[in-house]
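Trainee: I have a structure I would like to understand better, so I am pasting it below and will then ask my questions one at a time.
The values are calculated or read from the model by the stated rules, or taken from the named source; none is laboratory data. Since this is a predicted model, take the numbers as computed values, not measurements. Ideal geometry is used to build each Cβ from the backbone, glycine not excepted, and the neighbour counts take in all protein chains shown. For the accessible areas, the whole protein counts, side chains as well, though only heavy atoms, and no ligand, DNA or RNA atoms are used. Shrake-Rupley method; radii C 1.70, N 1.55, O 1.52, S 1.80 Å.
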Amino acid sequence: MAYSFQSRADSLHQADSLFAAGDQAAAAVHYESALANGHTATDAMLLKLASAYEQQQDVSRLLYYLQVYFDRHPDDAVLLKMNEIARANNLHGYETDDLNYFYLFYRKYSLYVLLFLLVPAGYVFGVILVKALRRQPTPQRQKWVLVGYLLILLAFVNLPEGVQSGITSTDRVLLRTAPSAAASVAEVIGRGHKVNILGQKDIYLRVFWNNQLYYIRRDNVWII
């Protein structure tokens, strides 16, 4: 364990030195090695890896690390940069559309929205509690409204947990109509496209692509 920790530390130190010296390609190899050995990527590491792969013109890995950074720090500038890179390379899934802006808004302001929505729920719950303590009847309709409102809040809190995104990692990714190698292939896409992942069955991911649901092999995707 100690050896593994020391090995990761040495690899990161060497990577930082190489990056500072301008050898970003070699630095990326050491950063990737540290990540493969269990090191958690820092924000600075993600940006350095993105820079290194931009220099190498590896668009897929560049977009992957920008997307990971974006998930941590939702920002208009990062979203627009990814869209610009994707458009220049004919890649899809990075559009600055309503869905991506909704996700951006959710990640940036979800805590404030949740607190705002909790206020009326807390008020209604307090009224019902006071009535119960005073042994006053509470209309059944009010109870059901409160339950429904709380269910909506629960769905809002867990909204990002039900959807993941991923980037295709191979030059030939088969979009199948069912999670089976025997299922028909609806489309073949290349490396670097972004897909929304809605679930998994065995070795297949259920993805949303061009307003349709398909299945692709798990090993053909870098999951964000």
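Trainee: Looking only at residues that are of a type in the set (A, V, I, L, M, F, W, C) and more than 14 Å from the chain's Cα centre (by Cα) in region 55-77, which one is nearest to Asp23 (Cα to Cα)?
Mentor: Once the filter is applied, the top-ranked residue is Leu62.
Trainee: Taking region 73-119 as the region of interest, how many residues are open to solvent by 70 Å² or more (accessible area, probe 1.4 Å), assigned to a helix (DSSP H, G or I) and modelled with pLDDT of 85 or more?
Mentor: 5
Trainee: Test each condition in (1) at pLDDT 90 or above; (2) of a type outside the set (Lys, Arg); (3) farther than 20 Å from Leu12 by Cα; (4) out of contact with any Ser or Thr (no Cβ under 8 Å at 6 or more places or on another chain) for Tyr69 and report the one that comes out false.
Mentor: Of everything listed in (1) at pLDDT 90 or above; (2) of a type outside the set (Lys, Arg); (3) farther than 20 Å from Leu12 by Cα; (4) out of contact with any Ser or Thr (no Cβ under 8 Å at 6 or more places or on another chain), Tyr69 misses just condition (3).
Trainee: Evaluate region 191-203: report whether one residue or more is loosely packed, with under 15 Cβ neighbours inside 10 Å and at positive phi.
Mentor: Yes; the residues of region 191-203 include at least one that is loosely packed, with under 15 Cβ neighbours inside 10 Å and at positive phi.
Trainee: In this structure, does Ala178 turn out to be surrounded by 12 or more Cβ atoms within 10 Å (Cβ to Cβ) and in a strand (DSSP E or B)?
Mentor: no
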